[in-house]
Amino acid sequence: MNEDVRYEIITGKMNPHIDPVLDIWQWQVPVYLFIGGLCAGILILAAWAVLSKAKSQTAQRLSLAVLPLLGIGMGALFLDLENKWNVFQFFGRFVPSAPMSWGSWLLLLLSPIIAAFVLATATEAWPNHWEKIQQRSILLTRIKTLCEPFRQHLSVIILIGGISLAVYTGVLLSAYVARPFWNNSSLAILFLLSGLGAAAGLLQLCAPAGTERHRFGRVGLYVLIAEVSVLALFLINLADGTQAQDGAWAVITGGPLTISFWIFYLGLGVITPLTLELIALKKKVPYAIAPVLEIGGSMLFRFVIVAAGQLTTWQLY
């Protein structure tokens with residue numbers, strides 16, 4: 001007896017967000033990655049200032065802005081979700097094999113520690129305002145009193161958490177093996193350095209003239225030198241890889257992202273501020289130009305990386 005056999009084929013072809021190139025992630029994801037890296041850099045430098053006993057009111061004050069900034073970053077990620085109810089799945093369970101699950105729980109667990117760190121360093125950050133705050137909030141004062149003895153311990157946790165948060169934003173992308181531009185072992189370190197550079201630039205902008213501004217300018221210089229070194233390894237790996245990676249290399253060497261990568265990110269966002277910081281070691285230059293370019297370069301880096309990864313794949317659609 002002949003049977004009428006039917007097959008159902010489900011395909012992503014003819015989907016404008018998939019064919020001919022992947023176009024799922026829009027501006028929300030790069031913004032989330034940038035804010036995450038910036039906040040991680042602020043936490044690292046704030047914790048470093050405490051542990052090294054290099055007093056920095058600017059770093060401690062900016063750490064107060066980390067939780068609101070992370071909220072904005074999570075808001076951008078929320079806007080990217082097609083089904084908004086899926087946000088509860090990030091915190092409803094922990095999936096060890098999913099980098100995004102690690103990031104979600106890292107943010108969740110780190111948030112109260114950040115709040116405790118801010119309170120533990122509040123006297124140093126706001127010496128002229130804390131007395132007024134004490135008079136208005138007894139509960140806040142009691143919590144601060146509990147946190148202060150653990151100031152050093154909290155700083156160590158914040159330092160480790162900040163590094164983890166910065167590296168995670170790179171691991172999130174490099175875990176996608178099917179995307180040759182992202183699947184690079186140097187990407188996580190690049191994200192760490194880029195976020196740290198943006199934070200150093202922001203601290204340099206906000207710091208008063210003098211020791212603090214000079215210190216964060218030096219930090220920005222060292223970070224930029226390290227970023228150039230790791231970026232060179234990233235590009236060598238990309239250029240000397242598989243055939244698919246050759247295709248990814250072509251995206252920034254004659255492809256649609258060539259100018260954005262080489263001129264705007266590398267030229268204006270890395271080399272120019274690096275040069276200005278080197279000149280500033282011997283001559284006086286306008287201090288605001290280099291940090292602004294660092295911050296802009298850090299943001300553009302994420303936009304270029306996210307776009308380049310979606311333009312390349314192991315197999316053409």
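Residues to consider are S260, S298; find the one that is closer than 25 Å to A175 by Cα and within 17 Å of the chain's Cα centre (by Cα).
Every option except S298 fails the conditions.
For F181, indicate whether it is over 26 Å from G217 (Cα atoms), among the aromatic types (F, W, Y) and without any contact (Cβ under 8 Å) to a residue 60 or more places away in the chain.
For F181, the condition - over 26 Å from G217 (Cα atoms), among the aromatic types (F, W, Y) and without any contact (Cβ under 8 Å) to a residue 60 or more places away in the chain - is not met.
Where the second residue is of a type in the set (S, T, Y) and buried (at least 16 other Cβ atoms within 10 Å of the Cβ) and the first is within 22 Å of V270 (Cβ to Cβ) and in contact (Cβ under 8 Å) with a residue 40 or more places away in the chain and lies in segment 207-226, which pairs have Cβ atoms under 8 Å and are six or more apart or on separate chains?
Short answer, once both residue conditions are applied: A207/S56; A207/T58; R213/Y287; R215/S56; F216/T58; G217/Y287.
Filter segment 199-219 down to the residues that are surrounded by 19 or more Cβ atoms within 10 Å (Cβ to Cβ) and part of a loop (DSSP other than H, G, I, E, B) and list them by number.
A207
Keeping to segment 282-314, report how many residues are surrounded by fewer than 18 Cβ atoms within 10 Å (Cβ to Cβ) and either free of Cβ contacts under 8 Å to residues at least 24 places away in the same chain or among the basic types (K, R) (or both).
6
Here are the criteria: (1) hydrophobic (A, V, I, L, M, F, W, C); (2) part of a helix (DSSP H, G or I); (3) over 16 Å from S186 (Cβ atoms); (4) out of contact with any Leu (no Cβ under 9 Å at 6 or more places or on another chain). Tell me which single one L276 does not satisfy.
Condition (4) is where L276 drops out.
Can you tell me which residue within segment 193-228, out of those that are β-branched (V, I, T) and under 22 Å from L165 (Cβ atoms), is modelled with the lowest pLDDT?
Looking at the filtered set, the residue picked out is V219.
Any chance you could count how many residues in segment 155-176 are at pLDDT 90 or above and either crowded, with 23+ Cβ neighbours inside 10 Å or touching a Leu at 6+ places or on another chain (Cβ under 8 Å) (or both)?
Counting residues in segment 155-176 that are at pLDDT 90 or above and either crowded, with 23+ Cβ neighbours inside 10 Å or touching a Leu at 6+ places or on another chain (Cβ under 8 Å) (or both) gives 11.
Tell me, which residue of segment 81-124 that is among the polar types (S, T, N, Q) and modelled with pLDDT under 85 is farthest from L173 (Cα to Cα)?
T123
Is there a residue being assigned to a helix (DSSP H, G or I) and of a type in the set (G, A, S) anywhere in segment 133-153?
The answer is no, given that none of the residues of segment 133-153 is assigned to a helix (DSSP H, G or I) and of a type in the set (G, A, S).
Could you count how many residues in segment 44-60 are out of contact with any Ser or Thr (no Cβ under 9 Å at 6 or more places or on another chain) and within 30 Å of F90 (Cα to Cα)?
Within segment 44-60, residues that are out of contact with any Ser or Thr (no Cβ under 9 Å at 6 or more places or on another chain) and within 30 Å of F90 (Cα to Cα) number 1.
If you go through segment 55-73 one residue at a time, do you hit one that is more than 19 Å from V171 (Cα to Cα) and at pLDDT below 80?
Looking through segment 55-73, at least one residue is more than 19 Å from V171 (Cα to Cα) and at pLDDT below 80.
Just name the residue that is nearest to L159 (Cα to Cα) out of those in segment 22-44 that are among the aromatic types (F, W, Y) and in contact with a helix residue (DSSP H, G or I) (Cβ under 6 Å, 6 or more places away or on another chain).
F34
When only residues in segment 25-73 that are out of contact with any Leu (no Cβ under 8 Å at 6 or more places or on another chain), polar (S, T, N, Q) and outside any helix (DSSP H, G or I) count, which is surrounded by the fewest Cβ atoms within 10 Å (Cβ to Cβ)?
That would be S52.
Quick test for you: out of L79, L69, pick the one residue that is touching a Cys at 6+ places or on another chain (Cβ under 8 Å) and in contact (Cβ under 8 Å) with a residue 12 or more places away in the chain.
Just a single option satisfies the conditions, and that option is L69.
Is one or more of the residues making up segment 96-103 of a type in the set (A, V, I, L, M, F, W, C), touching a residue at least 24 places away in the same chain (Cβ under 8 Å) and part of a helix (DSSP H, G or I)?
Looking through segment 96-103, at least one residue is of a type in the set (A, V, I, L, M, F, W, C), touching a residue at least 24 places away in the same chain (Cβ under 8 Å) and part of a helix (DSSP H, G or I).
Considering V228, V306, V285, V223, which residue is among the hydrophobic types (A, V, I, L, M, F, W, C), in contact with a Leu (Cβ under 8 Å, 6 or more places away or on another chain) and part of a loop (DSSP other than H, G, I, E, B)?
The match here is V285.
Can you tell me which residue in segment 177-198 is surrounded by the fewest Cβ atoms within 10 Å (Cβ to Cβ), limited to those that are polar (S, T, N, Q) and assigned to a loop (DSSP other than H, G, I, E, B)?
Ranking the qualifying residues of segment 177-198, first place goes to S185.
The values are calculated or read from the model by the stated rules, or taken from the named source; none is laboratory data. Everything numeric in this text was worked out from a predicted model, so none of it was measured. Every residue, glycine among them, receives a Cβ derived from its backbone with ideal geometry; neighbour counts consider all protein chains shown.
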